Amino acid sequence: MNQPTKQVMTPVPRVLSFEQMPAALAHLIDEVSCLKLMLENRDTKPQEEPESKYIYSIRGLAKFLNCSQVTAQKLKNEGQIKYRQIGRKVIFERQEVLKAMENHIPGNRSRNYQRS
């Protein structure tokens, strides 16, 4: 079986003789070139967090709906948004919240909920 060979980087000795300097300089230039290529080819887009299927608090609901926490609590308490509660944790399904907002707000502005 032929396995790919790993490129092993040999460290440059701390004390160099005059004769070793050209080889060490060439080695450093190669290393810098490799680093430049790696930096140029890296993915510069920020990593986006995948949207969760759930919203885990009144604060999270308020942030999702772009409203105050009082308004989010009111929507929950009035039964306009379905939720589950485990102990003190309140859990909303993102799709249920969107569906409730489509029914609640004229014009389907679910991400721009504003207090009336």
What's the FRET efficiency of Val70 with Arg42 using the Cβ-Cβ distance as r and R₀ = 41 Å, to the nearest 0.05? 0.40
Normalise the Debye intensity by I(0) for the stretch 54-109, one equal point scatterer per Cα, no solvent, then take log10 at q = 0.20, 0.27 Å⁻¹ and round to two decimals. -0.64, -1.19
Assuming R0 = 41 Å, can you tell me the calculated FRET efficiency for the pair Gln80 and Cys34, based on Cβ-Cβ distance, to the nearest 0.05? 0.10
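Since every read-out is calculated from the coordinates, none of them should be taken as a lab result. The structure displayed is predicted, hence computed values, not measured ones. Heads up, the Cβs are rebuilt from the backbone with ideal geometry, glycines too, and the neighbour counts pull from every protein chain shown.
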